[in-house]
1. In contact with a strand residue (DSSP E or B) (Cβ under 8 Å, 6 or more places away or on another chain) and either surrounded by fewer than 24 Cβ atoms within 10 Å (Cβ to Cβ) or free of Cβ contacts under 8 Å to residues at least 12 places away in the same chain (or both): which single residue out of Leu170, Leu186, Leu134 fits that description?
2. I'm trying to understand the selection: among the residues of the stretch 141-166, which are over 13 Å from Ala292 (Cα atoms), surrounded by fewer than 22 Cβ atoms within 10 Å (Cβ to Cβ) and in contact with a helix residue (DSSP H, G or I) (Cβ under 6 Å, 6 or more places away or on another chain)?
3. Could you go through the stretch 62-75 and let me know if any residue there is over 28 Å from Leu6 (Cα atoms) and surrounded by fewer than 19 Cβ atoms within 10 Å (Cβ to Cβ).
4. Determine, yes or no, whether Thr257 is touching a helix residue (DSSP H, G or I) at 6+ places or on another chain (Cβ under 7 Å), at pLDDT below 85 and not in a helix (DSSP H, G or I).
5. Do you know which residues across the stretch 284-298 are closer than 13 Å to Gly270 by Cα and not polar (S, T, N, Q)?
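The values are calculated or read from the model by the stated rules, or taken from the named source; none is laboratory data. The structure displayed is predicted, hence computed values, not measured ones. Here the Cβ is made from the backbone with ideal geometry for all residues, glycine too, and neighbour counts use every protein chain on show.
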Amino acid sequence: MSVLTLAVLIILIALVFDYINGFHDAANSIATIVATRVLTPFQAVVWAAFFNFVAAFLFSTAVAKTIGTGFVDVNLVTPYVIMAGLLGAIVWDLITWWLGLPTSSSHALIGGYAGAAIVRVGLLRGFDHALDALNVGPTGEWPFTLKMIIGAPLIGMVSAYILMVSVYWLFRNSTPSKMDKYFRKLQLLSAATFSLSHGANDAQKTAGVITGVLYASKYLKTFDVPLWVILAAHSAIALGTLSGGWRIVRTMGGRLTRLKPRSGFCAETGAAISVLLSTYMGTPVSTTHAIAGAIVGVGSIQRMKAVRWGIATNIVWAWILTIPAAATIAGLSYCLLHLTIVK
């Protein structure tokens, strides 16, 4: 297989991952606005898809560069490593989508990328040196990113909780129906903001992978993200969002806690704060974790029993398993590629 053919194939796989990310994580953007019946499901996905795409023109490529260079030693990366990493992320995303679990496509991608690189180095140098593949030095992103697995939902939860307290205080003399009259309109703004944050952070991850393919294939001399890559990644995630992810919408929008327009507004805004802050720092973060934490935050303000903690526990377990599961699938994928193609 020629270098060009391989690069094109992997770029197409990356865009498929981005598309799957869009419909897998569409629930993050639209679950609350659908649950509160502010928009129909079709209206909601169109709204979310538009702002996912618009994010391409508003944010830097810091997250893309972090994904491409911050987790794995780029000097050890080959196109086949990237292909296996994408396969690991795609398979895990599809498994959790089928189960209706809102897991992180971002962490699946990071885990898959790392798992494939570890196996490659293990096969070349021996598995006692396998961890040399990971960028764990001063420029590595692993410590902060792993902290943000906990930090992102906590920021979302605390932000949403504070917003909910503020809303109740500001509207303390209003009836619930009068509050919801205002927040049904405001939730359009909060859903747009969260969709914008989703596109800003998540589409850049695929852009980083595609740039990594171009760099590993020697088509780029430096790791700079081309404009066409940014537009392609945002287009794929927007199209995926248009496809929806109704299994996960049901979990996020109705099963975790009951939402009203005012609580939906606070949840979306709180999650957007968490994701936009991470994007500003160039850190790939899970929009799924952020919105789930925010929904728990607005649910717990009424009473702790308002949150269905059994479902929340299942979601947390899926979060914990995502990186190792995707890494395992990617590692096995690289072994298969190594045996059938790489040699």
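1. Only one candidate passes the filter, namely Leu134.
2. Result: Glu141, single match.
3. no
4. Yes; evaluated as a whole, the condition is true for this residue.
5. His289, Ala290, Ile291, Ala292, Gly293, Ala294, Ile295, Val296, Gly297, Val298
For (1) hydroxyl-bearing (Ser, Thr, Tyr); (2) not in a helix (DSSP H, G or I), each residue gets a yes or a no:
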{"residue": "Ala152", "(1), (2)": "no, no"}
{"residue": "Trp169", "(1), (2)": "no, no"}
{"residue": "Leu189", "(1), (2)": "no, no"}
{"residue": "Ala192", "(1), (2)": "no, no"}
{"residue": "Asp202", "(1), (2)": "no, no"}
{"residue": "Thr206", "(1), (2)": "yes, no"}
{"residue": "Gly212", "(1), (2)": "no, no"}
{"residue": "Thr222", "(1), (2)": "yes, yes"}
{"residue": "Ala238", "(1), (2)": "no, no"}
